[in-house]
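Scroll down for the structure; my scribbles are underneath it.
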Amino acid sequence: MPDHSRSKDHRDYQRVPRVVTAISRDEEHGISGTPHHHERAQLLYATQGMMRVLTDAGMWILPPRRALWIPPGVMHHWTAISKVSMRSIYIEPQTAAAFGDTCRVIEVSPLLRELILALLEEPIEYPLPGRGEHLAMLILSELAAATTVPIAIPWPRDRRLLAVCSAIMADPGSDKNIEQWADQVGASARTLIRLFPKETGLHYRQWVQQVHLAEAFGRLAQGQSVGEIAAALGYASASAFSAMFRRILGKTPQHYLTEWRQPLTLHPA
């Protein structure tokens, strides 16, 4: 049976004498965590619902079946953009070093999901040796094999670019071009064109496409059709949007739409 005595406070999991620990908490739509960091790495994941996560380096939208790898010490905060069932894990720093020192989105396989849920049924300090230890080692193995999803929205520091990026995030389907954004923030288009790669590592169009991909994943998870998403994001047609999507991710949005609508199971029919 699940350990109902588990703390909901992330600080209570940082120095537990176990390589991997798991935390469970449920949050209502609109709730935000305060900016914080962990001594351990975190795989921030929700079995249901959607989260927006912000760090100094970027922003990520996480639907189900996607998780964010957050290395130790990285300041971050999350916002529930729907009702969320968080089921996250923490990994001690020495072991976590093998999984990288930058944030990245990974695909959560059915097996990884079930392993996380199974670890939550064990005591926080699960017996050694024992089932909990075996589950922890399997989680690390599955995490090592997980696919990285190339979706990230790098966040600038320049106030002019920050204003532009914030406006695009607020209205991903805007049809404004970079000249119009430049006029809005009192800069030249040339200045913004120079600042985007300098501040974010991406050119303007690439950055906008990352916003569109993140928005599309959220809308796909909500069950919207590809045509609806294309229209909302300002594409001339569903095929034009699908071409951009496939060029970057290697799969069509129809593939992901089918995935969202299928029940998650270890043994699909």
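We did not get these values from a lab; they are worked out from the coordinates using the rules stated. Owing to the predicted nature of the structure, the values given are computational and were not obtained by experimental measurement.
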> What are the residues whose amide H is under 5 Å from the amide H of H38, where those residues sit 5 or more places off or on another chain and H is modelled from the backbone?
Replying inline: G73, V74
> Once both axes come from the Cα atoms, what is the angle between helix 159-170 and the longest principal axis of the chain, in degrees from 0 to 90, rounded to 10?
Replying inline: 70 degrees
>> Need the list of lysines near K8 for cross-linking: C-alpha distance under 28 angstrom, and skip anything on the same chain fewer than eight residues off.
In response: K83
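What percent do you get for the relative contact order of the chain when only Cα pairs under 8 Å and 6+ apart count? All intermediate terms of the calculation are to be shown ahead of the outcome.
On the way: 461 pairs, mean separation 45.1, N = 269.
Worked out over the chain, it gives 17 percent.
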> Pairing the Cα long axis of helix 131-144 with the longest principal axis of the chain, what angle in degrees results, from 0 to 90 and rounded to the nearest 10?
Replying inline: 30 degrees
> Measuring from the lowest to the highest alpha carbon on each principal axis, how far does region 6-79 reach, largest first, in angstroms?
Replying inline: 32, 27, 22
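Run lengths n ≥ 4 of DSSP H only: what is the helix-derived mean residue ellipticity at 222 nm for the chain, with -39500 (n - 2.57) per run over all residues, to the nearest 500?
Working: 10 runs with 106 residues, N = 269.
For the chain, the value works out to -12000 deg cm²/dmol.
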>> Just to compare against my own numbers: the Cα pair-distance distribution for region 120-241, 10 Å bins, whole % per bin, please.
In response: 12, 31, 22, 16, 13, 6, 1
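Would you mind calculating the relative contact order of region 11-65 from Cα pairs under 8 angstrom and at least 6 residues apart, reporting the percent as a whole number? Before the final figure, lay out each step's value.
Details: 34 pairs, mean separation 13.7, N = 55.
Across region 11-65, relative contact order equals 25 percent.
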> Whole-Å semi-axes of the chain's equivalent ellipsoid, largest first, each the root of 5 times a Cα gyration tensor eigenvalue?
Replying inline: 35, 22, 15
> Ordered by residue, what ³J(HN,Hα) values in Hz, to whole numbers, does region 114-121 give under the Karplus form 6.51 cos²θ - 1.76 cosθ + 1.60, where θ = phi - 60° and Gly and Pro are x?
Replying inline: 5, 5, 4, 5, 5, 5, 5, 7
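Diagonalise the Cα gyration tensor of region 10-149 and give the resulting equivalent ellipsoid semi-axes, square root of 5 times each eigenvalue, largest first, whole Å.
Details: eigenvalues 95, 51, 45 Å².
Equivalent ellipsoid of region 10-149: 22, 16, 15 Å, largest first.
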